[in-house]
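Undergrad: Quick one: structure below, then a few questions.
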Amino acid sequence: MLIPFNKYQGTGNDFIIIDNREGYIQLTTEQIKKLCDRKFGVGADGLMFVERSNNFDFKMLYYNSDGNESSMCGNGGRCISLFAHTLGLGNNNKVTFTAIDGPHEAIIYEGEQVSLKMKDVKKIDFENGDYFLNTGSPHYIKIVNNVESIDVYDEGKKIRYSDKYKEAGTNVNFVSYNDDAIFVRTYERGVENETLSCGTGVTAAALVLNSLGFSGKKNKINVITKGGDLEVSFDKVLEDTYYNIWLKGPAQFVFRGEINLFI
């Protein structure tokens, strides 16, 4: 089966995106896993389908590199919005779509900057000195003195497979900060390794830091990841309730191609 695909990346978080609005392409878990394999396939942190939607410009269907359907992906949402825009979907520089966590909208700016509206957050849990919240995907936040010195794979894996989280899994974020920005590194479930960036993860980290008094600039927090810089903006009511949350940063087309799948 010859599969046409596009490769995009957002701050180093890379994705295979397939236009499946006609509904002809059906992939197995093993086929998705093979496509995402960096040695035997195209290579990506995840795979997404653009599918038809009755009430939105499109539907986003997201799979992790392990081949399993997953929860919301922030950088993936920004990349698929840029791709949908190139397909002529949306109105001018705006697109709307539905994902596993509900409706989203995105704004495409010049210079391949994409801003994605995230789901509201109504609760931040405090756990053994760390934090847990859901920004479309579950995220464990651990604040450290120097994020560069952390063994993200080993330390993140311990938390992800701890008794509390091993069944459903969680993403694990290590965060440090200075007066100007926060620095985030993420162990992603489904990828089961550190990724260069995680959109829902940096969103979660920014909200936790804000809840602790890190204000940024007028509720805009600059985030630095290994893959590049992002910005999280929001409005806040009460102690840990956030709405009008936007994740902004670069999204780029990498290449397009076709691949034969024999499994």
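Undergrad: Looking only at region 39-53, decide whether some residue is crowded, with 18+ Cβ neighbours inside 10 Å, in contact with a Pro (Cβ under 9 Å, 6 or more places away or on another chain) and either modelled with pLDDT of 95 or more or not hydroxyl-bearing (Ser, Thr, Tyr) (or both).
TA: Taking region 39-53 first, the residues crowded, with 18+ Cβ neighbours inside 10 Å are 41-42, 44-51.
From what is left, the residues that are in contact with a Pro (Cβ under 9 Å, 6 or more places away or on another chain) are none.
No, region 39-53 contains no residue that is crowded, with 18+ Cβ neighbours inside 10 Å, in contact with a Pro (Cβ under 9 Å, 6 or more places away or on another chain) and either modelled with pLDDT of 95 or more or not hydroxyl-bearing (Ser, Thr, Tyr) (or both).
Undergrad: In addition: Would you say SER233 is surrounded by 15 or more Cβ atoms within 10 Å (Cβ to Cβ) and within 17 Å of the chain's Cα centre (by Cα)?
TA: On the way: surrounded by 15 or more Cβ atoms within 10 Å (Cβ to Cβ): yes; within 17 Å of the chain's Cα centre (by Cα): yes.
When the stated conditions are applied, SER233 passes them.
Undergrad: Please give the number of the condition TYR131 fails out of (1) crowded, with 18+ Cβ neighbours inside 10 Å; (2) within 20 Å of ALA251 (Cα to Cα); (3) touching a helix residue (DSSP H, G or I) at 6+ places or on another chain (Cβ under 9 Å).
TA: (2) is the only condition that TYR131 fails.
Undergrad: Test PHE97 against the stated conditions and say whether it is buried (at least 22 other Cβ atoms within 10 Å of the Cβ) and either in a loop (DSSP other than H, G, I, E, B) or assigned by TED's automatic domain parsing to the domain that holds VAL50 (or both). Don't jump to the end; show me each part of the working.
TA: Values: buried (at least 22 other Cβ atoms within 10 Å of the Cβ): yes; either in a loop (DSSP other than H, G, I, E, B) or assigned by TED's automatic domain parsing to the domain that holds VAL50 (or both): yes.
In short, yes.
Undergrad: Right, here's the next one. Return the residues of region 1-58 that are among the small types (Gly, Ala, Ser), under 18 Å from ALA251 (Cβ atoms) and assigned to a loop (DSSP other than H, G, I, E, B); say none if nothing qualifies.
TA: Initially, region 1-58 is screened for residues among the small types (Gly, Ala, Ser), giving 10, 12, 23, 41, 43-44, 46, 53.
From what is left, the residues that are under 18 Å from ALA251 (Cβ atoms) are 10, 12, 43-44, 46.
Once the filter is applied, which keeps residues that are among the small types (Gly, Ala, Ser), under 18 Å from ALA251 (Cβ atoms) and assigned to a loop (DSSP other than H, G, I, E, B), region 1-58 yields GLY12, GLY43, ALA44.
Undergrad: I'd like the full set of residues that are polar (S, T, N, Q) and buried (at least 22 other Cβ atoms within 10 Å of the Cβ), limited to region 7-27. Talk me through it step by step, then tell me what you get.
TA: Going through region 7-27, the residues polar (S, T, N, Q) turn out to be 9, 11, 13, 20, 26.
Scanning region 7-27 gives THR11, ASN13.
Undergrad: For region 159-174: of the residues being of a type outside the set (S, T, N, Q) and over 13 Å from LYS142 (Cα atoms), which is surrounded by the most Cβ atoms within 10 Å (Cβ to Cβ)?
TA: Here is the first cut: in region 159-174, the residues of a type outside the set (S, T, N, Q) are 159-161, 163-169, 172, 174.
The next check asks that each one be over 13 Å from LYS142 (Cα atoms); those that pass are 161, 163-169.
Numbers: TYR161: 15, ASP163: 6, LYS164: 13, TYR165: 17, LYS166: 12, GLU167: 7, ALA168: 9, GLY169: 19.
If we take residues in region 159-174 being of a type outside the set (S, T, N, Q) and over 13 Å from LYS142 (Cα atoms), then GLY169 is surrounded by the most Cβ atoms within 10 Å (Cβ to Cβ).
Undergrad: Are any residues in region 239-263 closer than 12 Å to LYS119 by Cβ and either among the aromatic types (Phe, Trp, Tyr) or touching a Gly at 6+ places or on another chain (Cβ under 8 Å) (or both), and if so, which ones? Steps first, please.
TA: From region 239-263, those closer than 12 Å to LYS119 by Cβ are 242-247; that's our starting set.
Matches in region 239-263: TYR242, TYR243, TRP246, LEU247.
Undergrad: I've got another one for you. Collect the residues in region 103-133 that are touching a residue at least 60 places away in the same chain (Cβ under 8 Å), under 15 Å from the mean Cα position of the chain (by Cα) and under 28 Å from LEU238 (Cα atoms), keeping them in residue-number order.
TA: SER115, LEU116, LYS117, MET118, LYS119, LEU133
Undergrad: Also, I was wondering about something else. Output the residues belonging to region 172-215 that are of a type in the set (Ser, Thr, Tyr), in contact (Cβ under 8 Å) with a residue 60 or more places away in the chain and either in contact with a Ser or Thr (Cβ under 8 Å, 6 or more places away or on another chain) or not assigned by TED's automatic domain parsing to the domain that holds TYR243 (or both). Can you show your working first?
TA: Here is the first cut: in region 172-215, the residues of a type in the set (Ser, Thr, Tyr) are 176-177, 186-187, 195, 197, 200, 203, 211, 215.
So of that shortlist, the ones also in contact (Cβ under 8 Å) with a residue 60 or more places away in the chain come out as 195, 197, 200, 203, 211.
Hits for region 172-215 are THR195, SER197, THR200, THR203.
The values are calculated or read from the model by the stated rules, or taken from the named source; none is laboratory data. All of these numbers come straight from a predicted model, not from anything done at the bench. Here Cβ is always computed from backbone atoms with ideal geometry, including for glycine, and neighbour counts include all displayed protein chains.
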